[in-house]
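Take a look at the structure below.
The values are calculated or read from the model by the stated rules, or taken from the named source; none is laboratory data. The model shown is predicted, which means the values in this text are computed figures rather than measured ones. Cβ coordinates were reconstructed from backbone atoms using ideal geometry, including for glycine residues, and neighbour counts include every protein chain displayed. Keep in mind that these areas ignore ligands, DNA and RNA; they rest on the heavy atoms of the full protein, side chains included. Shrake-Rupley method; radii C 1.70, N 1.55, O 1.52, S 1.80 Å.
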Amino acid sequence: MAKQTKKTETPLPEAKHVKEKKAVKAADKKVATPAEKPATAKKAAAKPKPAVAATLVAKVKPAAPKTHVILNAVEPYSRFTDFDISLFKSGKHYKLYEKFGSHVLEYNGVIGTYFSVWAPNAQYVSVIANFNGWNRGSHSLNARWDSSGIWEGFIPNVGVGETYKYYIKSSTGEDLEKADPFALRWEVPPSTASIVADTYYEWKDAEWMANRQEHNGLDRPYSVYEVHPGSWARSLESPDEFLTYTQLADKLVPYVKEMGFTHVELMPIMESPFYPSWGYQISGYFAAASRFGDPKGLMYLVEEFHKAGIGVILDWVPSHFPGDAHALYKFDGTHLYEHADNRKGFHPDWKSYIFNYGRNEVRAFLISNALFWLDRYHADGLRVDAVASMLYLDYSRKHGEWEPNIYGGNENLEAISFLKEFNEAVYSHFPSVQTIAEESTSFTGVSRPVYLGGLGFGMKWMMGWMHDTIGYFKEDPINRKYHHNEITFSTIYAFTENFMLPFSHDEVVYGKGSMLRKMPGDEWQQFANLRLMYSYMFTHPGTKLLFMGAEFGQGEEWNFAQSLQWHVLEYANHQGMSETVKALNHLYRDEPALYQKAFDFSGFEWVDGGNANDSVLVYRRMGHHEKDDLMIILNMTPVPRHNYRIGVPAAGKWKEIFNSDAKKFWGSGLINAPEVTAEAVSWHGKDNSIVITLPPLGATIFKIAKDAPAKYELKR
């Protein structure tokens, strides 16, 4: 029978939290072994303890410790109050990581670890670990009296660094060994056990955190470099080994700063058992991926980004999880975290399992996890993966493989409700962060506030723009006049959401080729086309995202099993591409017209969007002040166009501040004079116009001369 923790009128003594210590097994504290305790456990308990352990315990003892005799292998201690339980049951406890899992603390003068786990349908739960020889019968947890399904207890003389799992006897008699869903650290795969750890860290990014809104606001420049930590770079001496978090801090942080990106996005950095999943099939939702180091290593990496003035976005996956036997799937022998109905609980594309968004405790688990990364790791945003798969009951399912909602529709009402609650919780606790949805459908109001009927995300990926843009640029320039509407169509819906323009990892895998090799023509034209496409991206309304390797025109598509092809930067064409992205990032960050009204139709004006025959686009970007206006002209063909007239909004001198055909970008060098004087000739509906040269497959940008900076080029 499961032991019950008895409720008493007198509260248990308060426990003191202990900062990180090594695993502690005090020689002067004896654990009495129950008569029924197996012989193997007795042997483990009698094992000599290192002398240093007693010293560590002495350091944390109060001046006048109370005498406390440990009578049980597991003491009946709880971190949960009645209010905690009420919140948990109702799905409104958003900081469950402070309660569940393993927590090293001092209780009645003894250092040990408190364990708690949710397993409502279990007959019996115990902690199995190195310290008890993985004995299932020696350290059984106590089931709470309040029908919460929580099993808990304090085990003395167990500390940080101890490896453990939970043994669960299911209601059907199954013997399960599960890792801790709330563990802060896991063994390096393929090992699967949890490790007692903490997230204590002396942060040194107070200045960034105090002023984060200045970097994260929707009216600020937001240029994201998407990174897969396992394949961004590897050691030349050991190409099969991953860089650690500390090594990434030394190499990745200065690189992102040099390239001019405002933010970095890390593909899932949570613990996952299968490396080829790129981190998107998570087993340890509260643990930093152990392949790259320990939790403090990741905190150091985030801190170094902040000290360099760069925000950190984490990929977060609340849509599905893998069916590994040691993880969440059928955690207590029943469908606890996943939906029991396969029509809602199994993902046919990824062969994974879908969270039960209608279960209060599961909603609290997920929202607590989101807040955990923002709280303990100082993340500046969460990019939520596969939102479309959450919103629709028939996503990737054939007729008869899904069940309509109560209104007969295909919307997943429980998931929609969860996403709204998630966003409300995030923005109420951390108003200076952003949530970003990877959502590919026409679902209405993804990035609109919940109080206006939306899902509440800060931004949404503009998947339609990405698809149309790549499709257009794949076309031979001679045919682009027949596809002109594909490149102009995005502005019809560009302001219906707060859109981020992504060229993500999904576009450079599975035979799709690299960004460079999508471009038509010979080598020169491929690089010119890519420079032109990036220029279009950085001047189009919305925020930006570029996947690693695309910034220097890697020739081969992304391979997660090896480093990026950094050696190509020895060649002038790739170096020119890198210089182009640096210049565009600086242009974007320095010109208010490109970001102040990124999601407002009043920040964009077509000057000439209908010249399909020449495949030329002319548009104006505007900020809060007219002096910041920019004129952007894109020539989508390899034909240079001389004496080309465009209308401008003001008289005076106009200066070319960017030209993608500059020689330092590996272009042909067809640039305009330093200044061009507007003429009182009406053109494009404007009273004034200028006559310029359009470079082949090139972008040129003009600004009124009195406020124009020097050209955006890399300053050595």
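For every residue, the table says whether it meets (1) of a type in the set (V, I, T); (2) under 26 Å from S615 (Cα atoms); (3) not in a helix (DSSP H, G or I).
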position: D506; (1), (2), (3): no, no, no
position: W524; (1), (2), (3): no, yes, no
position: N529; (1), (2), (3): no, yes, no
position: P541; (1), (2), (3): no, yes, yes
position: E556; (1), (2), (3): no, no, yes
*Within the range 96-130, track down each residue that is assigned to a helix (DSSP H, G or I) and either β-branched (V, I, T) or out of contact with any strand residue (DSSP E or B) (no Cβ under 8 Å at 6 or more places or on another chain) (or both).*
L96, E98
*Subset of the range 569-591 that is over 17 Å from A528 (Cα atoms) and open to solvent by 10 Å² or more (accessible area, probe 1.4 Å) - its residue that is farthest from the chain's Cα centre (by Cα)*: E570
_Yes or no: the range 132-144 includes at least one residue that is open to solvent by less than 10 Å² (accessible area, probe 1.4 Å) and of a type in the set (F, W, Y)._
no
*Pull up the range 594-616, narrow it to residues that are in a strand (DSSP E or B) and within 15 Å of A494 (Cβ to Cβ), then point me to the one that is most open to solvent (accessible area, probe 1.4 Å).*
W606
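Those residues that are among the hydroxyl-bearing types (S, T, Y), under 21 Å from A437 (Cα atoms) and in a loop (DSSP other than H, G, I, E, B), I need them from the range 253-283; list them, please.
Residues satisfying the conditions are T262, Y280.
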*Quick one: which residue in A32, A58, A54, A73 is modelled with pLDDT under 50 and either in contact with a helix residue (DSSP H, G or I) (Cβ under 6 Å, 6 or more places away or on another chain) or part of a loop (DSSP other than H, G, I, E, B) (or both)?*
A32
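Here's the yes/no breakdown for (1) of a type outside the set (V, I, T); (2) modelled with pLDDT of 95 or more; (3) crowded, with 17+ Cβ neighbours inside 10 Å:
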{"residue": "S396", "(1), (2), (3)": "yes, no, no"}
{"residue": "G400", "(1), (2), (3)": "yes, no, no"}
{"residue": "F418", "(1), (2), (3)": "yes, yes, yes"}
{"residue": "E421", "(1), (2), (3)": "yes, yes, yes"}
{"residue": "P449", "(1), (2), (3)": "yes, yes, no"}
{"residue": "W461", "(1), (2), (3)": "yes, yes, yes"}
{"residue": "Y472", "(1), (2), (3)": "yes, yes, yes"}
{"residue": "I478", "(1), (2), (3)": "no, yes, no"}
_Can you tell me which residue is surrounded by the fewest Cβ atoms within 10 Å (Cβ to Cβ) among those in the range 285-300 that are more than 13 Å from A249 (Cβ to Cβ) and among the hydrophobic types (A, V, I, L, M, F, W, C)?_
A289
*asked:* Six or more apart or on different chains, Cβ atoms under 7 Å: show the pairs whose first residue is in the range 411-422 and free of Cβ contacts under 8 Å to residues at least 40 places away in the same chain and whose second is surrounded by fewer than 23 Cβ atoms within 10 Å (Cβ to Cβ) and assigned to a strand (DSSP E or B).
replied: E411/Y392
*asked:* Which count do you get for residues in the range 343-377 that are of a type outside the set (G, A, S), open to solvent by 30 Å² or more (accessible area, probe 1.4 Å) and over 21 Å from S170 (Cα atoms)?
replied: 10
_I'd like the full set of residues that are among the charged types (D, E, K, R) and either touching a Cys at 6+ places or on another chain (Cβ under 9 Å) or within 30 Å of G311 (Cβ to Cβ) (or both), limited to the range 333-380._
R363, D375, R376, D380
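Condition (residue is in a strand (DSSP E or B), buried (at least 20 other Cβ atoms within 10 Å of the Cβ) and basic (K, R)) applied to the range 645-666: is it met by at least one residue?
Within the range 645-666, one or more residues are in a strand (DSSP E or B), buried (at least 20 other Cβ atoms within 10 Å of the Cβ) and basic (K, R).
Quick one: is T491 crowded, with 16+ Cβ neighbours inside 10 Å, touching a residue at least 12 places away in the same chain (Cβ under 8 Å), assigned to a helix (DSSP H, G or I) and out of contact with any helix residue (DSSP H, G or I) (no Cβ under 8 Å at 6 or more places or on another chain)?
yes
Considering only residues that are open to solvent by 10 Å² or more (accessible area, probe 1.4 Å) and out of contact with any Ser or Thr (no Cβ under 9 Å at 6 or more places or on another chain), which ones fall in the range 510-534?
The first filter runs over the range 510-534 and keeps only residues open to solvent by 10 Å² or more (accessible area, probe 1.4 Å), leaving 510-513, 517-518, 520-526.
Those that are open to solvent by 10 Å² or more (accessible area, probe 1.4 Å) and out of contact with any Ser or Thr (no Cβ under 9 Å at 6 or more places or on another chain): Y510, G511, K512, G513, R517, K518, P520, G521, D522, E523, Q525, Q526.
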*Can you tell me which residue among T192, T172, T163 is in contact with a His (Cβ under 7 Å, 6 or more places away or on another chain) and surrounded by fewer than 24 Cβ atoms within 10 Å (Cβ to Cβ)?*
T192
_Hits in the range 374-415 - residues which are of a type in the set (A, V, I, L, M, F, W, C), within 15 Å of the chain's Cα centre (by Cα) and within 16 Å of S319 (Cβ to Cβ)_ = L382, V384, A386, V387
*Within the range 213-236, how many residues are assigned to a loop (DSSP other than H, G, I, E, B), open to solvent by 70 Å² or more (accessible area, probe 1.4 Å) and farther than 22 Å from E556 by Cα?*
2
*Taking E265, is it out of contact with any strand residue (DSSP E or B) (no Cβ under 9 Å at 6 or more places or on another chain), open to solvent by less than 10 Å² (accessible area, probe 1.4 Å) and touching a residue at least 40 places away in the same chain (Cβ under 8 Å)?*
no
*May I ask you to verify whether S171 is farther than 21 Å from P295 by Cα and at pLDDT below 95?*
yes
*Tell me, please, whether a residue that is within 30 Å of F560 (Cβ to Cβ), modelled with pLDDT of 95 or more and over 25 Å from the mean Cα position of the chain (by Cα) can be found in the range 501-517.*
yes
